[in-house]
Structure formats: structure tokens, C-alpha cells
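Engineer: My structure is below; once you've seen it, I'll send some questions.
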Amino acid sequence: LADLEAFLAAEPGRTLLVAESPGRRETLTDMLARRHIHPQAVDGWAGFVASPAPLCITVAPLTGGAALTDPPLTVLTERELYGEAAVTQRRRDRRETDPDAVIRNLAELAVGDAVVHIEHGVGRYRGLETLTVDGTASEYLALEYAERARIYVPVARLDLVHRYTGADSSHAPLHKLGSGQWERARRKAREQVRDTAAELLALYARRAAQRGQALTATDDYAAFAAGFAYEETPDQARAIREVVEDLGRDTPMDRVVCGDVGFGKTEVALRAAFVAASASQQVAVLVPTTLLAEQHGENFRTRFADWPLRVEALSRFQSKAEQQAVLDGLAAGTVDVVIGTHRLLQKDVRFARLGLVIIDEEHRFGVQHKERLKALRAQVHSLTLTATPIPRTLSFALAGLRGLSIIATPPPRRLAVRTFVRSWDGALLREACLREFKRGGQVYLLHNRVETIERVAGDIARLVPEANLRVAHGQLPERELERIMRDFYHRRFNLLVCTTIIESGIDVPTANTIIINRADRLGLAE
């Protein structure tokens, strides 16, 4: 840039600077502005000819410039400015496929930001420095690594540096130069990708080769559907239709139904379960918590009450004898639908003719449980219900490896959720609680710190003495926690001070207000 400044000072006539992309044009314009050089942006050669400005800048795929004496004008590309081609086609393709990590403009970087160099790993940006190399002064990005080691990257090679996209940029772990740490991380990532690809290939090869049983809706299906007490939303109706069509094929279904809480995913599961059970196939419904298993059991029994289908729940609320009776019924084929937690995935559970597995919030299950679920998906129809799909599940669905149905429209006459962001205000908190209590409702107050939750509960009790208050968190004995949640569901108290333990709990229709203390500390899925 110093050479360019001297060249322009010699009055060479008109000059056109050519950048390879709009982002690089902005970068070059910013660097020139710091030297008090302000080219006019034009649209190609025609814009340069029409402009009276002595110095212009445009975007064009040129690899070499030109100089004329009559008329006196010069075209300078990035090769003349930087001494090398700025970006190869391979790197341009990589940028386009990783938009979140791309740095298109140096103005996007602030001193202290964590960045990733493609060859050296995670470092920290320390600003621009002008260095003279082989008699030529150029600007370089200074990147600092562990033990205060530094490397300098020419501005022309900005494509080698990406933005750090980890959870916490301010505490990004800096790599040690020359330690092999970055190469090991890259090798491990490649191996995981390769393992996942091989696993998926084997799984979907088995699914393609496996001829499952086509489950066709019977004449009774229309009567069962008419028993739904509410009006179906368009998205819900489409999801039901897609699931029923998948069940009717002889290839095992693997579909994800994604929708917000209360948007009707359970009805989709009920319709699928009815189709499978009516075709003399058993249905297993997997849920993340024992309380939810009990609640789903009640819902399924209510909907299936008019049909000769046996619905059972498998949970710790049952005695050993009752659990064994359910297991015996599954093995004998007398139980048509069973609702339970990961207990259904244990080796002692035997099905006579399992045809459909319904999974509620798959990401709540452990690694070993997911391995078992993957094996089941290769053999039987599988339906996953979720409000917050994990990235891998969503990626498979969007890539077409799993079917995807999205329920985005709320039920008719459903009121929109109103969200207020406020600092802690005792008067406002009391008003919110009393407003809910007066209409017979219940309140969640979420404080996600077990060590201080009792103190907060005491503060709330003094602030809202009208409340009948209980505390729930994951460090309570399991039986006590289940008793508290059941009491809340049966409206035996009206204010629950809790941690995020409630996120995979039961549906409490009368709890319509949630107060979240320090919401900024919660993750996206929470």
C-alpha cells in the first residue's frame, strides 16, 4: 500500500483498482481509508469510464492489470497490490459453505477476538501491524497463541483466518504453536466424521434392504380421528398425513415431527399408534421421565378407551409384580401399546411383534440408549417428536436421511405467549403471581442454582405470602421429586420454585406463567 500511495502521488492519470470479491473490496477500501485514500466504488469498466473520479475501485475476476499512456490510465488487480493471487477457487468454495466463520471484512474483527488459522489453530487477534519483508512494507494480522507466541498473516491471506465459533470466544483455549495440538484435533474430527459416515451408511443400507411391514389405516381410523376434540391445524393435518403415508410403505419409516409445546405433536403420535395397533403391531412410546410416562399413559388410555386395544405404562410407580405383568404381556403380544422411559430399551424387554417406536425428545436419552434406538430404526417404523431437535437430528432430516414434518401453526384461538424482559422487580413479580392465582392458575419460578434456591424460595414466600410454595431440583431424592411434581400436576400447591429439572417433565395445563431468574445464564435448548 505504501508503493500504491507513492504511485498515486506521481499523478499517473486515472487508476482503477480491481478486487476479487465485494468483501475484499470493502477490506481494501478500509485499508486505503486509513491512509486517507478514498477511491470511488464503480460498477465494472462501464462505471469507471462514466466516472470523473481519478481513482476508482470495482469487483472483477481479473488476474492481471494493465497500463496505458494514451489516455493515461492504469488497472491494478490484487496480484499487483499484494504480489500473489488473493483467493483460490477451492478456498472460495469453502467460504461459501461456512458462512458463520467467514471474515469478509477486517472491520468485523476487534482486537482480542478469538480466531482460527487453518494451519495453526485457535489464536487471538492482536491487530494490524506494518512489516517490511524483502524491502516491501505490507500490513499483517498479528495472531497471538499460547505462551504469547505470535504469527503474522498477510492481509492478502485473510482467507486462512476464520472467526472462532465456539460457545465462549472470550475464554477460547489458545493452541500452542508447534505442539501438534491443532493437528491432533483436526485428525480426531476427521475420524469422527468418517466413523459417523460409515455408521450412517451401514444403518441406511440396512434400512434400504430391510422390508418392513406396511401398516395401512383400517376403516376404523376415520372414526378414531373423529374422536379428536379439537380442530386440526393445517400443519398438524399435513404431519399426520405424512406419517400415515410413511407407515403404509414397506420401508421402515424414520420421521421427525418438530413443533412447539402445545402445537399437537401428541395427536400425531396417537394417530400413528392407532394405525400400527389396528394392524396387529405393537407400539412402544419412549419418554424421558417417569412422570411423563404416567401422563402419556393416561392420555393414550383415554383416547383408546372405545377400541379393543390394551394400553400399559411401565414405570417405577408400579410394583415389581405390575411391571412383570406388563413385560409378560409384551412378550405374549397381549399388550398393544406400552409407554415407558429408557426401561423399555433394556435387554429383558421382549416384544412379540413390535412395529412402531415413538420417541418423545430423543436428545434426553443417553448414548447407549441412542445406540439401541438406532438399531431399532433399521428394523421397525420410527417416529421422533421434538420441540428442540438436536443439530444432528435436524441435519439428518434436512439432508433427507430422515423424514421431517414441521408443525409451525398454533392451535385455533390459542393466545400468543407474552414475554417481558425486566430486571428483578419484587412488585412486578408479586403482581404476576397474584394475577395468575386469581384466575386459578399456577406459576413456575425458575432459579437454576441449587446452592441458592432455598434462599430465593424464602424471599418469594415473604414477597407473595398468598402463595402455596414448594421447591424442586435435581439433587432432591428421586421419590420426593416425583411426589412434588405429581402434587403440582394435581394442583395441590400453586407456585413451584425450581431449576431446569422441569424442562423434560409433565405438561401442566394450568401453569400459564413462568418467571425466569437470570435467563441469560440458560442455554438455547433450555
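The values are calculated or read from the model by the stated rules, or taken from the named source; none is laboratory data. This one's a predicted model, so the numbers in the text were calculated from it and none came from an experiment. Cβ coordinates were reconstructed from backbone atoms using ideal geometry, including for glycine residues, and neighbour counts include every protein chain displayed. The protein model used for the area step is the full one, side chains on, heavy atoms only, and it has no ligands, DNA or RNA in it. Shrake-Rupley method; radii C 1.70, N 1.55, O 1.52, S 1.80 Å.
Engineer: Considering the stretch 119-154 alone, what residues qualify as being among the β-branched types (Val, Ile, Thr) and either more than 27 Å from the chain's Cα centre (by Cα) or closer than 22 Å to Leu28 by Cα (or both)? Working first, answer last.
Structural biologist: Start the filter on the stretch 119-154 by keeping residues that are among the β-branched types (Val, Ile, Thr), which leaves 122, 130, 132-133, 136, 151, 153.
Passing the criteria: Thr130, Thr132, Val133, Thr136, Ile151, Val153.
Engineer: Only one residue in Val153, Val102, Val133 is at pLDDT below 85 and under 19 Å from Ala19 (Cβ atoms), so which one is that?
Structural biologist: Working: Val153 fails: at pLDDT below 85; Val133 fails: under 19 Å from Ala19 (Cβ atoms).
Being at pLDDT below 85 and under 19 Å from Ala19 (Cβ atoms) holds for just one of Val153, Val102, Val133, which is Val102.
Engineer: Restricting the first residue to the stretch 9-28 and requiring it to be at positive phi, which pairs with a second residue that is outside any strand (DSSP E or B) meet a Cβ separation below 8 Å and a spacing of at least six or different chains?
Structural biologist: Gly13/Pro54; Gly13/Pro71
Engineer: Right, next: In the stretch 22-47, which residue that is surrounded by 18 or more Cβ atoms within 10 Å (Cβ to Cβ) and of a type in the set (Lys, Arg) is nearest to Leu73 (Cα to Cα)?
Structural biologist: Going through the qualifying residues, I end up with Arg25.
Engineer: Here's another thing I want to ask about it. Out of (1) out of contact with any helix residue (DSSP H, G or I) (no Cβ under 6 Å at 6 or more places or on another chain); (2) at pLDDT below 80; (3) of a type in the set (A, V, I, L, M), what's the single condition that is false for Met31?
Structural biologist: Single failed check for Met31: (2).
Engineer: Among the residues of the stretch 133-176, write down those that are free of Cβ contacts under 8 Å to residues at least 12 places away in the same chain and assigned to a loop (DSSP other than H, G, I, E, B).
Structural biologist: Scanning the stretch 133-176 gives Asp134, Gly135, Ala167, Asp168.
Engineer: Output the residues belonging to the stretch 359-418 that are at pLDDT 70 or above, open to solvent by less than 20 Å² (accessible area, probe 1.4 Å) and over 22 Å from the mean Cα position of the chain (by Cα).
Structural biologist: Matches in the stretch 359-418: Val380, His381.
Engineer: Given the residues Ala19, Ala50, which is the only one that is modelled with pLDDT of 85 or more and either open to solvent by 70 Å² or more (accessible area, probe 1.4 Å) or basic (Lys, Arg) (or both)?
Structural biologist: Values: Ala19 fails: either open to solvent by 70 Å² or more (accessible area, probe 1.4 Å) or basic (Lys, Arg) (or both).
Sole residue among the options that is modelled with pLDDT of 85 or more and either open to solvent by 70 Å² or more (accessible area, probe 1.4 Å) or basic (Lys, Arg) (or both): Ala50.
Engineer: Can you find, within the stretch 450-474, the residue that is surrounded by the fewest Cβ atoms within 10 Å (Cβ to Cβ) among those that are within 16 Å of Phe437 (Cβ to Cβ) and free of Cβ contacts under 8 Å to residues at least 12 places away in the same chain?
Structural biologist: If we filter the stretch 450-474 for residues that are within 16 Å of Phe437 (Cβ to Cβ), which is where we start, we get 460-461, 463-470.
Checking the rest, the ones that are also free of Cβ contacts under 8 Å to residues at least 12 places away in the same chain come to 461, 465.
On the way: Ala461: 14, Pro465: 9.
My answer is Pro465.
Engineer: Restricting the search to the stretch 260-287, which residues are under 24 Å from Thr233 (Cβ atoms), of a type in the set (Gly, Ala, Ser) and open to solvent by less than 10 Å² (accessible area, probe 1.4 Å)?
Structural biologist: Within the stretch 260-287, Ala269, Ala272, Ala273, Ala276 qualify.
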